[in-house]
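A.B. asks: One structure, pasted below without further comment.
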Amino acid sequence: MDNTALINDFTGEIHSCTDLAGLYNIKVKYLGKKGVITDLNKQLSAIPADERPAAGAEINKLRLAFEELFNTKQTELKSAERNAKLANECIDVTMPAAPAPLGHLHPVYQIYDEIVDIFGAMGFSVATGPEAELDLYNFTMLNMPKGHPARDMQDTFYISEDVVLRTHTSPVQVRTMLNKKPPVRIIAPGKVYRSDHDSTHSPMFHQVEGLLVDKNISLSDLKGTLQLFVHLMFGDDIPTRFRSSYFPFTEPSMEVDMGCVICKGAGCRVCKSSGWLEIGGSGMVAPEVLAAVGIDSLVYSGFAFGMGMERIAMLKYGIDDLRLFFENRLEFIEQF
Ligand code: PHE
């Protein structure tokens, strides 16, 4: 039996095959149920019995030859396929990373930074105090002993008989003057707490306190300082106005108003047609407060003020709903 042609056939086919699927098709063609080599086996019965073993051996050789070629090719194609896959999946370590989303400074803290800058330029340094504060500093030493009716002006979170969440930044006045003798020139920005919650009140908000104590300090120093602050924060065309008021820790006391930034004094919804907006309280430090911290009020005098930072941020950025500050929605915060 001459199988040269057959051997040439499958050798050629296997050599020129380029993918595994094609290779398996070739196997079916030769060794499958109806394959060429399988067929030869079936034809054995037609061969005279004495020639059959030799013919059978020939077919076996053919099969072995085929299988050897097949296996070699299969190994080759498999490793080629694997290399292609690896080349495809390899990680390019030089590729730039996807940008990570960045946070954003809250508008109240942008105002905070601006306030610190403005008063810093006027020579005020920043002082701080704890948010859980002694009743003594939050009230008593500010001329509001236990039972004083003015305590009702501030709905207070009591932590214990003697400790409160500070209702204003004014206790930092006490802490500062206990530690340092005049001249004193500080601002104290920070969180304060009141048991108040509706559309215009939040149980936590921010104030900035100011305190200046030295010789010969008068009301005009207070007015000039706050007028300069308003000019630098809101523009030279915005006036200030001081209305007489009452705080136990200042005497005299004044409410601080600034001209409405929306209508420039003409009257609008925001200023309730008055042309003025309230931004804080102020006054000359009461002699009782100076006495409590051991400062001689015959030698020294001082002024103090306290302003709401959310209020300033609302006016500066034209925000009309206090609640937006506390919802922490990035879409809101990112606008500033
Ligand atoms: N502490 C006062 C308040 O929160 C504001 C204030 C500060 C008034 C300093 C006068 C002087 O209402």
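The values are calculated or read from the model by the stated rules, or taken from the named source; none is laboratory data. Values in this document were obtained by computation on a predicted structure and should not be read as measured data. Using ideal geometry, Cβ is built from the backbone for each residue, glycine included, and neighbour counts are taken over all protein chains shown. Areas reflect the complete protein model, heavy atoms only, side chains present, ligands, DNA and RNA absent. Shrake-Rupley method; radii C 1.70, N 1.55, O 1.52, S 1.80 Å.
A.B. asks: When you go through S301, S282 one by one, which is the residue that is within 18 Å of V208 (Cβ to Cβ), within 16 Å of the ligand (Cβ to nearest atom) and in contact (Cβ under 8 Å) with a residue 12 or more places away in the chain?
C.D. replies: Only one candidate passes the filter, namely S282.
A.B. asks: Filter the stretch 186-236 down to residues that are under 29 Å from G265 (Cβ atoms) and β-branched (V, I, T) and give me whichever is farthest from the chain's Cα centre (by Cα).
C.D. replies: Here the answer is T225.
A.B. asks: Take the residues in the stretch 123-166 that are open to solvent by less than 40 Å² (accessible area, probe 1.4 Å) and basic (K, R), then tell me which one is farthest from the ligand (Cβ to nearest atom).
C.D. replies: R151
A.B. asks: Now, a different point. Going by the structure shown, is I319 out of contact with any strand residue (DSSP E or B) (no Cβ under 6 Å at 6 or more places or on another chain) and within 21 Å of H197 (Cα to Cα)?
C.D. replies: yes
A.B. asks: Taking the conditions exactly as written (over 17 Å from T4 (Cα atoms), in a helix (DSSP H, G or I), over 60 Å from the mean Cα position of the chain (by Cα) and modelled with pLDDT of 90 or more), does N71 satisfy them or not?
C.D. replies: Working: over 17 Å from T4 (Cα atoms): yes; in a helix (DSSP H, G or I): yes; over 60 Å from the mean Cα position of the chain (by Cα): yes; modelled with pLDDT of 90 or more: yes.
The answer is yes for N71.
A.B. asks: Let me ask something else about it. Given the criteria near the ligand (Cβ under 10 Å from one of its atoms) and on the phi < 0 side of the Ramachandran plot, does T169 qualify?
C.D. replies: yes
A.B. asks: Only one of (1) surrounded by fewer than 20 Cβ atoms within 10 Å (Cβ to Cβ); (2) in contact with a Ser or Thr (Cβ under 6 Å, 6 or more places away or on another chain) fails for M254. Which number is that?
C.D. replies: If we test M254 against (1) surrounded by fewer than 20 Cβ atoms within 10 Å (Cβ to Cβ); (2) in contact with a Ser or Thr (Cβ under 6 Å, 6 or more places away or on another chain), just (1) comes out false.
A.B. asks: Show me the helices (runs of 4 or more DSSP H) found entirely inside the stretch 95-185 where at least 2 residues are more than 24 Å from the chain's Cα centre (by Cα) and in contact (Cβ under 8 Å) with a residue 60 or more places away in the chain.
C.D. replies: 107-121, 171-179
A.B. asks: Take the residues in the stretch 197-222 that are outside any strand (DSSP E or B), open to solvent by 50 Å² or more (accessible area, probe 1.4 Å) and under 21 Å from P107 (Cβ atoms); name whichever of them is nearest to the ligand (Cβ to nearest atom).
C.D. replies: Only one residue tops the list, namely T200.
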